[in-house]
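One structure below.
The values are calculated or read from the model by the stated rules, or taken from the named source; none is laboratory data. On a predicted model such as this, the values are computed, not experimentally measured, just so you know. Backbone-built Cβ (ideal geometry, glycine too); neighbour counts: all protein chains shown. What goes into the accessible areas is simple: the full protein's heavy atoms, side chains included, and nothing from ligands, DNA or RNA. Shrake-Rupley method; radii C 1.70, N 1.55, O 1.52, S 1.80 Å.
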Amino acid sequence: YYELQDVLDVFFGLSQADLNLLLNKSKVNVLLSLKEGSNRTIFEGFFANVPGIVLKANIGVNKNYINDCTGLLIDEADLVSTLRFCRKNYMTFSPQQWALEHISPLITTKKLIDALYGPEAIDD
């Protein structure tokens, strides 16, 4: 309908290894869903050092996780200009570093233990 067959590739049924290879080639990870729980693909992208684009109207993704380091919250009308911006400026983001410092399994486990038992429960 939009005549995108020459500019858009769609992949189905990729293995985890093939999906990871494709993600590592990406400049940006886009979530266009309006109602999506905490969609893991955005966060997987962060750990692969791929910034994310999330619609402001999305319900479910923690908007605090979309910041100057990790990507952009946008209005749907700004998608084209944002994709063009990210094509040239994706390296100005540092999603992997932010993710390792704020949402890595180690950090998340420590936050959970602190919440359950207090910060003195275990040593670093």
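Details
- In the chain, the calculated helix contribution to ellipticity at 222 nm averages -11500 deg cm²/dmol per residue, counting -39,500 (n - 2.57) for every DSSP H run with n ≥ 4.
- Ordering 63-76, 103-116, 1-14, 26-39 by mean Cβ neighbour count within 10 Å, with the highest value first, yields 63-76, 26-39, 103-116, 1-14.
- Spin-label pair E101-V10: with each label point 7 Å from Cα along the Cα-Cβ axis, the two points sit 3.9 nm from one another.
- If you wrap the tightest convex hull around every Cα atom of the stretch 44-95 and split its volume per residue, you get 68 Å³.
- Of all accessible heavy-atom area on the stretch 52-124, the percent that carbon and sulfur account for (1.4 Å): 56
- For the stretch 1-42, the convex hull spanned by the alpha carbon atoms encloses 124 Å³ per residue.
- Average accessible surface for the chain: 73 Å² per residue, computed with a 1.4 Å probe over protein heavy atoms with every protein chain in place.
- Distance between the stretch 1-56 and the stretch 58-124 - C-alpha centres, whole angstrom: 16
- Radius 11 Å from Cβ of K56, net charge of other residues (Lys, Arg +1; Asp, Glu -1): -2
- Pairwise Cα inverse-distance average, inverted: Kirkwood Rh of the chain (Å): 16.1
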